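Read the structure below first, then the notes.
The values are calculated or read from the model by the stated rules, or taken from the named source; none is laboratory data. Source: prediction; values computed, not measured. Using ideal geometry, Cβ is built from the backbone for each residue, glycine included, and neighbour counts are taken over all protein chains shown. These accessible areas exclude ligands, DNA and RNA; they are computed on the full protein's heavy atoms, side chains included. Shrake-Rupley method; radii C 1.70, N 1.55, O 1.52, S 1.80 Å.
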Amino acid sequence: MVKPWDVVVVGGGPAGSATASWLARKGHRVLLLDRARFPRRKPCGECVNPAGVEALRALGVLPAVEALGPARLRGWRIGIGGDSEFSGDFPAERCGYGIPRERLDAVLLEHAQACGTGIRMDAHVVALLREGERVVGVRSADGEEIPARIVVGADGLRSVVLRRLGLLRRGPRLRKLAFTAHVSGAGELGERGELRVQGSSCVGIAPVGEGVANVVVVVQGGTEIGGDPECFFDRALERSGLAGVRRLDDVLATGPFDWPVRRAVADGALLAGDAAGYYDPFTGQGIFRALRGAELAAATIDAALLRGDTSAAALLPYERRRKRAFGSGERLQRLIEAVVSRPRIFAPAAGWLRRSPTLANAMVRAAGDLGWTA
Ligand SMILES: Cc1cc2nc3c(=O)[nH]c(=O)nc-3n(C[C@H](O)[C@H](O)[C@H](O)COP(=O)(O)OP(=O)(O)OC[C@H]3O[C@@H](n4cnc5c(N)ncnc54)[C@H](O)[C@@H]3O)c2cc1C
């Protein structure tokens, strides 16, 4: 009989790597499995908000991230253009970072390994092992059974662990799709990201260092894509006044995003990052939540392992701490989505924020997970 790992983490994105790092550092035997081989790209706006930067610092990985030369982000310009556009900045002493995910995630994974985590790439988890209702490990696509005292599902938007636990609350109501790629020649973006809203679609542009920018095109429904994401993406760039830019890599498509969960804990299992529920990428808070959520998850799992009780009831403190930590940010995200997706409300709202810089700063600060006051 193979000795069970204390923790098997499924997924090596920010949530999985950070959870593994915290737990391995506390002396637990941790194995992390990812179906990909790193470095790998991930569809994302690639902006770590200021609270996310603090979470990287807490994890002890900020110097390694800064050594990669990320772009500094001190705020956002948002709108349709002209009078319906506003800018908001983070407080002077705080900033976010723009950094390609293939580099950020590779550094986070290396950190997890340096903390003592066992890492397996090309390891696609397809099922959970159970004894009665309790999760006791995972099965990979090649049939290997890997026993664990607790399984962490950090396997992103379409989490297999979430689905196998039966904790998905419903299918998505927001029918948005996103297309992302890196570009050069976007001109002088300075230290602000830009969100150009066009009807019910939106183009986000942010510098990610070394003269490269990340572009995300988000659309509702997606009927206009016509089966050719590359062509659709390039046309969207032209429409947003970015005709001179050069696309540097393939377009990654993803969506829909709105995957709410009934709860994030079960007997012998816990969900982290996007797998624990996701709504909409517009405010770019996902990396912060993945990192901070990992801290909360690791604290609860550590206590549960030490007590020898990994039941859902023993893991409930994680659920409560997540709600406290992310509840107001989630409400803000829903409010912003409701306004942005209605052009007749958004245009006057953007004009109003343009005339109220204090409020515009407060909103950008809140979306940066810094709270409403400086
Ligand atoms: C278009 C878009 C733009 C975004 N922009 C931003 C932004 O600018 N800033 C921000 O903070 N957030 C942004 N987000 C959100 C952010 O990308 C996510 O919240 C973040 O990546 C969540 O991290 P995670 O570790 O939970 O999941 P992921 O980063 O998705 O990592 C999951 C990992 O699990 C692995 N995996 C999946 N299934 C399995 C399996 N069955 N077996 C083994 N491994 C598996 C995957 O290979 C992957 O490595 C954006 C999201 C989208 C879609």
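The single residue among L73, L56, L62 that is within 13 Å of the ligand (Cβ to nearest atom), out of contact with any strand residue (DSSP E or B) (no Cβ under 6 Å at 6 or more places or on another chain), open to solvent by less than 10 Å² (accessible area, probe 1.4 Å) and over 30 Å from R139 (Cα atoms) turns out to be L56.
Among the residues making up the stretch 260-280, those that are open to solvent by 30 Å² or more (accessible area, probe 1.4 Å) and not in a loop (DSSP other than H, G, I, E, B) are D274, Y278. All of (1) within 16 Å of the ligand (Cβ to nearest atom); (2) open to solvent by 10 Å² or more (accessible area, probe 1.4 Å); (3) not aromatic (F, W, Y) hold for A206 with one exception: (2). May I ask you to verify whether A141 is open to solvent by 20 Å² or more (accessible area, probe 1.4 Å), at pLDDT below 95 and either of a type outside the set (V, I, T) or within 27 Å of G204 (Cβ to Cβ) (or both)? In short, no. Contact map, the stretch 321-337: residues that are β-branched (V, I, T) paired with residues that are modelled with pLDDT of 90 or more and assigned to a helix (DSSP H, G or I), Cβ distance under 9 Å, separation 6+ or inter-chain. Pairs shown: I336/M363; I336/A367.
Scanning the stretch 95-114 for residues that are surrounded by fewer than 19 Cβ atoms within 10 Å (Cβ to Cβ) and closer than 30 Å to W352 by Cβ turns up nothing. Of the residues D155, D122, the single one that is within 11 Å of the ligand (Cβ to nearest atom), of a type outside the set (A, V, I, L, M, F, W, C) and under 18 Å from the mean Cα position of the chain (by Cα) is D155.
Conditions tested, residue by residue: (1) of a type outside the set (A, V, I, L, M); (2) more than 23 Å from L157 (Cβ to Cβ).
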| residue | (1), (2) |
| --- | --- |
| E188 | yes, yes |
| G204 | yes, no |
| G209 | yes, yes |
| V218 | no, no |
| P229 | yes, no |
| V245 | no, yes |
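Here's the yes/no breakdown for (1) surrounded by 19 or more Cβ atoms within 10 Å (Cβ to Cβ); (2) under 18 Å from A275 (Cα atoms):
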| residue | (1), (2) |
| --- | --- |
| G327 | no, yes |
| I336 | yes, no |
| V340 | yes, no |
| I345 | no, no |
| P357 | no, no |
| N361 | yes, no |
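Restricting the search to the stretch 235-255, which residues are surrounded by 15 or more Cβ atoms within 10 Å (Cβ to Cβ), of a type outside the set (S, T, N, Q) and in contact with a strand residue (DSSP E or B) (Cβ under 6 Å, 6 or more places away or on another chain)? Passing the criteria: A236, V245, R247, V251, L252, A253, G255.
The C-beta contact set for the stretch 290-306 (first residue more than 8 Å from A15 (Cβ to Cβ), second residue of a type in the set (G, A, S) and away from the ligand (no atom under 13 Å from the Cβ), distance under 9 angstrom, 6+ apart or interchain) comprises R292/A58; R292/A325; E295/A58; L296/A325; T300/A314; A303/A314; A304/S311; A304/A314. Scanning the stretch 161-203 for residues that are among the small types (G, A, S) and open to solvent by 10 Å² or more (accessible area, probe 1.4 Å) gives G166, G171, S184, G185, A186, G187, G190, G199, S200, S201. Evaluation of F232 against the conditions (1) farther than 23 Å from G98 by Cα; (2) open to solvent by 20 Å² or more (accessible area, probe 1.4 Å); (3) without any contact (Cβ under 8 Å) to a residue 60 or more places away in the chain; (4) out of contact with any Lys or Arg (no Cβ under 6 Å at 6 or more places or on another chain) shows that the sole unmet condition is (2).
Scanning the stretch 281-304 for residues that are more than 9 Å from the ligand (Cβ to nearest atom) and open to solvent by less than 10 Å² (accessible area, probe 1.4 Å) yields a count of 5. Of the numbered criteria (1) in a strand (DSSP E or B); (2) farther than 13 Å from D267 by Cα; (3) charged (D, E, K, R), the one D142 fails is (1). Only one of the numbered conditions (1) more than 16 Å from the ligand (Cβ to nearest atom); (2) at pLDDT below 95 is not met by I78, and that is (1). Considered as a group, the residues in the stretch 1-22 that are away from the ligand (no atom under 15 Å from the Cβ) and among the aliphatic types (A, V, I, L, M) include one that is farthest from L59 (Cα to Cα), and that residue is M1.
Criterion applied to R164, R149, R130 was being at pLDDT 95 or above, closer than 30 Å to A299 by Cα, within 12 Å of the ligand (Cβ to nearest atom) and among the basic types (K, R), and the one residue passing it is R164.
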